[in-house]
Amino acid sequence: MNTLLFTNANIVLEREVLQGALLVKDGKIAGLYGQNASLPGADEILDIEGKYILPGGIDPHVHLHLTTPNGISSDDFYSGSKAALKGGTTSIIDFITPRRGQSMLEAIAGRKTEAKTSLVDYTFHLTPVEWTENTAQEMIQAIHSEHITSFKVYMAYKESIGLEDDALEMVLRTAGRFGGIVLVHAEQGDEIVRRVQELHRAQKTSPRYHPVSRPPHTETEAVEKIVRMATANKCPLYVVHTSCGSSIERVYEKALIKSGSPVFFETCPQYLLFNDEVYQSSQENALAFMMSPPLRPLPEQKLLKKYFLQGKIQSIGTDHCPFTREQKNREAQDFSKIPNGAGGIEYRMQLIFNEMIVKEGKSIIEFVKLVAGNPAKIFGLYPRKGVIQKGSDADLVIWDPDKDFVIDTGHQWQQTDINIYEGYRGKGAPVAVFRRGRKMIENDRLTGTCKGTFLPRKPWKKESL
Ligand code: URP
Ligand code: ZN
């Protein structure tokens with residue numbers, strides 16, 4: 001039996017911050033003690049001098065080693081998960097995207113093999129890329145036999161992985177009936193294709209035309225449509241990388257969410273921190289920010305931030321999908337061929353802590369909900385993950401709220417020579433990170449090499465967030 005006692009801690013629980021001690025036994029949280037409680041003995045005692053202990057972060061939206069038509073993303077499961085740990089994230093949810101014609105179950109097996117080098121615990125969202133006579137059965141098997149309970153659909157990219165409306169409807173209906181939740185990349189694919197073709201005809205192909213090809217209404221209208229479809233099918237829905245405040249506004253103004261059919265919004269740090277001015281700057285900068293959806297005009301960014309601060313966004317993912325400069329430069333003259341995506345897995349928690357708590361005075365409990373607790377509850381990992389309570393995995397971050405940091409591309413652990421947050425200054429960073437009781441990071445050094453594990457999940461169940 002291996003025991004570890006943290007003393008003199010501010011332990012961030014679901015509804016309060018407990019001053020006291022936390023006992024870890026065999027990788028699980030074994031006890032919580034207030035200031036006046038008598039403490040158990042332990043093999044190791046760590047006085048953490050009043051710092052916070054947070055539950056390990058959960059990044060619900062990452063793409064490690066992603067094969068795209070324009071190249072493979074530059075972080076693999078080892079490098080990306082190492083960067084995640086450095087920033088306090090101990091679990092990730094990546095994606096399984098089969099080829100059309102391939103069985104989804106076969107694709108699950110292949111992706112699990114790729115993920116074996118991960119240092120953080122992991123699971124996947126599964127993408128039905130077509131609707132065939134086998135899809136419903138495979139979805140049901142994924143939920144009940146593979147314990148993969150979330151399904152990602154794309155309303156864009158119809159030429160490769162996106163779905164037409166009738167297939168979207170079938171995925172929503174099946175997930176809703178059999179204990180799944182659907183994630184949606186909500187952009188109007190047909191209109192975007194028309195716009196890209198028009199821009200090509202007019203020889204407007206430089207990176208600055210990328211946002212012109214995907215204006216805000218292509219997201220807002222797609223969100224309205226899919227929310228209506230999901231609620232009609234009584235299917236829980238999670239809108240990934242919401243980039244426009246007006247997408248959220250539309251859903252609330254029109255009262256589209258019905259009881260018994262929840263809708264969750266995720267956004268990513270990049271949509272809170274930047275706007276579409278980046279596409280008017282140097283080509284080098286514009287290339288770094290090539291992602292879909294694109295960054296939005298300032299009023300949309302402001303509205304998104306307003307809803308984020310009002311608690312109308314339930315989850316923060318990164319959509320971590322870095323590429324190198326060389327990869328971004330290969331087809332730099334045609335925005336439709338530049339690999340889409342940017343890195344963020346290493347800095348998600350620090351960026352959100354600084355934006356939310358240091359700058360806006362929000363509570364640490366709200367912060368923990370967004371980066372750990374809510375993703376765990378929405379995706380069936382709670383209470384094993386996302387919370388500090390007796391019996392949960394001892395995924396713990398010792399967090400110094402006063403530690404200054406500056407993001408420096410040259411020192412990042414993300415495997416790329418680009419960092420869209422280069423030069424960002426803030427306060428608040430992990431000083432040590434434990435995954436299932438093992439110390440994996442101490443003062444920005446990797447101290448553990450033991451691999452992460454696949455996280456089986458339960459069928460979808462409503463939890464109060
Ligand atoms: O531009 C983005 N979001 N790249 C990541 C891959 C994807 O489509 O989600
Ligand atoms: Zn993504």
Label point 7 Å beyond Cα of A202 along Cβ direction - residues of the stretch 273-295 with amide nitrogen under 17 Å: 280
Fully extended contour minus Cα-Cα distance, from Q283 to I72, at 0.36 nm per residue: 73.8 nm
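Take the Cα gyration tensor of the stretch 354-465, multiply each eigenvalue by 5, square-root it, and list the three semi-axes largest first, rounded to whole angstrom.
26, 19, 14
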So, taking all protein chains as they sit and a 1.4 Å probe, how much accessible area belongs to D94, in Å² rounded to tens? 0
Report the net charge of residues surrounding K337, where surrounding means a beta-carbon distance below 12 angstrom and charges are Lys +1, Arg +1, Asp -1, Glu -1. 0
Rounded to the nearest 10 degrees, what's the angle between the helix 216-232 long axis and the longest principal axis of the chain, both from Cα atoms, 0 to 90? 70
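Between R99 and N36, what is the FRET efficiency for a Förster distance of 60 Å, r being their Cβ-Cβ separation, to the nearest 0.05?
In this case the efficiency is close to 0.50.
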With the calculation restricted to Cα positions, what are the radius of gyration and Dmax of the stretch 49-119 in angstrom? 14.7, 56
Which GluC sites (Glu not before Pro) from the stretch 397-465 combine a DSSP loop assignment with at most 15 other Cβ atoms within 10 Å? E422, E463
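Count the net charge of all other residues whose Cβ sits under 11 Å from the Cβ of K359, scoring Lys and Arg as +1 and Asp and Glu as -1.
Surrounding charge for K359 is +1.
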Points 7 angstrom from Cα along the Cβ direction at S464 and Q137: gap in nanometres? 4.2
Taking every DSSP beta bridge that has both residues in the chain, what percent is antiparallel when rounded to the nearest 5? 55
Can I get the semi-axes of the stretch 124-265's equivalent ellipsoid? Compute them from the C-alpha gyration tensor as square roots of 5 times the eigenvalues, in angstrom, largest first. 28, 19, 11
From the protein chains alone at 1.4 Å, what is the descending order of accessible area for H241, H411, H147, largest first? H411, H147, H241
Can you pull the percent of the stretch 56-378's accessible area that's carbon plus sulfur, 1.4 Å probe, other chains left in place? 49
How far apart, in nm, are the 7 Å Cα→Cβ label points at H147 and F274? 3.8
Provide the FRET efficiency to the nearest 0.05 for the E14-K427 pair, computing r from the beta carbons and using R0 = 30 Å. 0.80
Stretched out fully, how many nm does the piece from E44 to H217 gain, at 0.36 nm a residue minus the Cα gap? 56.7 nm
Degrees, to the nearest 10: 298-309 long Cα axis against longest axis of the chain: 30
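Counting Lys and Arg as +1 and Asp and Glu as -1, what is the net charge of the other residues whose Cβ lies under 14 Å from the Cβ of L39?
Details: positive: K25; negative: D43, E44, D47.
My count for the surroundings of L39 gives -2.
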State, to one decimal in nm, how far the label point of L298 lies from the label point of K359, with both points 7 Å from Cα in the Cβ direction. 1.5
Pairwise Cα inverse-distance average, inverted: Kirkwood Rh of the chain (Å): 22.4
Can you give the angle from 0 to 90° between the axis of helix 135-144 and the longest principal axis of the chain, with both taken from C-alpha atoms, to the nearest 10? 10
Per residue, how many Å² of accessible area does the chain show with a 1.4 Å probe? 38
Starting from 0.36 nm per residue, how many nanometres of slack lie between N329 and A255 once their C-alpha separation is accounted for? 22.3 nm
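The values are calculated or read from the model by the stated rules, or taken from the named source; none is laboratory data. Please read all numbers here as calculations on a predicted model, not as lab measurements. Every residue, glycine as well, gets a Cβ built from its backbone with ideal geometry; the counts of neighbours run over all protein chains shown. Areas reflect the complete protein model, heavy atoms only, side chains present, ligands, DNA and RNA absent. Shrake-Rupley method; radii C 1.70, N 1.55, O 1.52, S 1.80 Å.
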